[in-house]
Amino acid sequence: MTAPKELATPAARTILVTGAGSGIGKAVTGRMLKAGWNVVLAGRRNLQLEQSAAGHPNALAVSSDITDPAAVEKLFNAGIERFGKIDVLFNNAGIFGPSATIGELTAQQWQEVCAVNLSGAMYCAGAAFRHMQETGGGRVINNGSISAQVPRPASVAYAVTKHAITGLTKSIELDGRPYGITCSQIDIGNAASDMMRDVGATSGALQADGSRKVEPTFDMDQASAAIEFMASAPAEVSVNQVTITAAGMPFVGRG
């Protein structure tokens, strides 16, 4: 865990970021710290979390496995103990999983993707919801991906779990109304990250017609700026859904 408790800024708002050790999570962490927020960083690899925290006094790195409900409770308790309240959850952790059609996907592969993308997101959202019920409200931001709208070929596990995140977002927004809890979803397409390299966006990603195409990407800082806007919206504003993609990528009319 980073930095002694006495260096935290009590007046600052607090965001908990899952998957904070790399990609969008790391970009959001850096941006929110610069904006004066307290940030609780969650992820499996402590070294990566510490690198994302960069010794910032308002950062708390907690090595955590979000597929374990008990570990999620410990994660939130650590953040609450350090900063007093968690105002926003950025439910970001996710894996792309295997390149496979429904006929090729094994039970183990399906369970591995579901454990992180779906069960982990549910556990974190549940912990955030219970905390926000007790503290007068807050906001959950789910990272959906544009695969929550239109899938890539041979990505059934990822696409199905990300479609499910849309249901989670709408359910939290509805059930949170009596408690001042709002829920947003951001669907990001082709932000320049390791995941985009893994699916071949920079070398030739599989297209619906069977061809491969180098796809445009955009700077992750633009996505993190959108997330900062969503997190910073006043309590009386609900930003239901944001889609941000690389200009010219095969999304509108994909296939």
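The values are calculated or read from the model by the stated rules, or taken from the named source; none is laboratory data. Everything numeric in this text was worked out from a predicted model, so none of it was measured. We place every Cβ from the backbone using ideal geometry, glycine too, and count neighbours over all the protein chains shown. Note: areas computed on protein heavy atoms with side chains; ligands, DNA, RNA excluded. Shrake-Rupley method; radii C 1.70, N 1.55, O 1.52, S 1.80 Å.
Carbon-plus-sulfur fraction of the accessible area of the chain, 1.4 Å probe, in percent?
54 percent
How much length, in nm to one decimal, is gained on full extension between residue 70 and residue 150, taken as 0.36 nm per residue of separation minus their Cα-Cα distance?
Contour length minus Cα-Cα distance gives 25.5 nm.
Going 7 Å from the Cα of residue 202 toward and past its Cβ, which residues in region 51-93 have a backbone nitrogen under 16 Å from where you end up?
None, by backbone N distance to the label point.
Would you work out the relative contact order for the chain, in percent, from Cα pairs under 8 angstrom that are 6 or more residues apart?
Dividing the mean separation by the residue count of the chain yields 17 percent.
Stretched out fully, how many nm does the piece from residue 115 to residue 247 gain, at 0.36 nm a residue minus the Cα gap?
44.3 nm
Which aspartates and glutamates, on any chain, are close to residue 34 with Cα under 12 Å apart, when same-chain ones fewer than 8 places away are left out?
Cross-link targets: 228.
Got the relative contact order for region 109-255 handy, in percent, Cα pairs under 8 Å and 6 or more residues apart?
24 percent
Restricting to bridges with both residues inside the chain, how much of the DSSP beta-bridge set is antiparallel, in percent to the nearest 5?
Of those bridges, close to 5 percent are antiparallel.
Cβ under 11 Å from residue 87's Cβ, residue 87 left aside: what net charge do those residues give with Lys, Arg +1 and Asp, Glu -1?
Around residue 87, the charge tally is +3.
For region 114-178, just the Cα set please: Rg and Dmax, both in angstrom.
13.0, 43
With label points built 7 Å along Cα→Cβ from the Cα atoms of residue 240 and residue 34, find their separation and express it in nm.
Each label point is offset 7 Å from its Cα along the Cβ direction, giving 3.2 nm.
Residue farthest toward the positive end of the dipole of the chain, with Cβ of Lys/Arg at +1 and Asp/Glu at -1: which of 38, 157, 137?
38
In whole Hz, what ³J(HN,Hα) sequence does region 183-192 give by Karplus (6.51, -1.76, 1.60; θ = phi - 60°), x for Gly and Pro?
Result, rounded to whole Hz: 9, 10, 10, 10, 10, 9, x, 6, 5, 5.
If the reach is capped at under 15 angstrom between alpha carbons, list the aspartates and glutamates near residue 213, excluding any in the same chain fewer than eight residues apart.
In chain and number order, the partners are 198.
Under a straight-distance cross-link criterion of Cα-Cα below 21 Å, which lysines are reachable from residue 162, leaving out those fewer than 8 residues away in the same chain?
Qualifying lysines at Cα under 21 Å: 26, 170.
Taking 7 Å along the Cα-to-C-beta vector as the label spot, tell me the residue 130-residue 213 distance in nanometres, rounded to one decimal.
So the two model labels end up 4.6 nm from each other.
State, in angstrom, two size descriptors of the chain derived from its alpha carbons: Rg to one decimal place and Dmax to the nearest whole number.
17.6, 58
Angle check, please: helix 23-34 long axis (alpha carbons) against the longest principal axis of the chain (alpha carbons), in degrees 0 to 90, nearest 10.
It works out to around 30 degrees.
Per residue, what accessible area does the chain have, given a 1.4 Å probe and all protein chains present, in Å²?
44 Å²
Rank 74, 26, 85 by mean-square fluctuation in a GNM of the chain with C-alpha springs under 10 angstrom and give only the top-ranked residue.
The residue with the greatest mean-square fluctuation here is 74.
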